[in-house]
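The values are calculated or read from the model by the stated rules, or taken from the named source; none is laboratory data. Just so we're clear, the structure is a prediction, and the values are computed from it rather than from any experiment. Note that we place each Cβ from the backbone using ideal geometry, even for glycine, and neighbour counts take in every protein chain shown. Protein only, heavy atoms only, side chains kept; ligands, DNA and RNA dropped before computing areas. Shrake-Rupley method; radii C 1.70, N 1.55, O 1.52, S 1.80 Å.
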Amino acid sequence: MYTRNLIAVGVVLGVLGCANTMITESPNLGRSATAAEIAAWDISIPPDGTGLPPGSGTSAQGAIVYAQRCLMCHGEKGGGKPNDRLVGGQGTLSGKSPVRTIGSYWPYATTVFDYIRRSMPYLESKSLTDEEVYAVTAYLLHLNGIIGEREPINAETLPKVAMPNRDNFILAYPTRRN
């Protein structure tokens, strides 16, 4: 019994000693991110367009960027192959073989901008300038018949674009009005 109690006391003291050591010592790996580093990655754009950057683009400008940076993965005029199709599919969502594209499925044009800006091109995410992102967004919206060929897309016009499937989505966190 004495040995068992002695072992228990030793374990408790060992744990307390280790706990104290864990609090005061660390492997000194990493560091806290700076405000500037956090801001560089905190670039999500909500449906209302809050936080859209300065800049603008047109479909014609976007066609050039698309040919250089997007065509190899998304095909001629967004037709797909080898990766996702970006154009068409309107009217297919309620059928047996829905085609989910920017023009048929996405509820907000700001989401298109946000996704391209954060994630494309696939192996070079965040490599496009804001002007290039606006231009590619305009090009894809035009190919889907959502905006005219000459309509500029920018922080003011993009949130006003009415996507065909907009009313079939419900915001998870709607804006609170007091």
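Here are some notes:
- All told, Ser119 meets the bar of being open to solvent by less than 60 Å² (accessible area, probe 1.4 Å) and under 24 Å from Asn168 (Cβ atoms).
- One residue stands out among those in region 128-149 that are loosely packed, with under 14 Cβ neighbours inside 10 Å and modelled with pLDDT of 95 or more: the one that is nearest to Thr50 (Cα to Cα), which is Thr129.
- Close pairs from region 87-103: first of a type in the set (S, T, N, Q), partner exposed (fewer than 14 other Cβ atoms within 10 Å of the Cβ) and part of a loop (DSSP other than H, G, I, E, B), Cβ under 7 Å, at least 6 apart: Thr92/Pro98
- Each residue in region 40-51 was checked for being under 15 Å from Arg118 (Cβ atoms) and either basic (Lys, Arg) or open to solvent by 60 Å² or more (accessible area, probe 1.4 Å) (or both), and 3 of them qualify.
- Val99 satisfies every condition listed in (1) assigned to a loop (DSSP other than H, G, I, E, B); (2) within 15 Å of Pro47 (Cβ to Cβ); (3) hydrophobic (A, V, I, L, M, F, W, C) except (2).
- Some residue of region 77-86 being out of contact with any strand residue (DSSP E or B) (no Cβ under 6 Å at 6 or more places or on another chain), in a helix (DSSP H, G or I), open to solvent by less than 60 Å² (accessible area, probe 1.4 Å) and not aliphatic (A, V, I, L, M): yes
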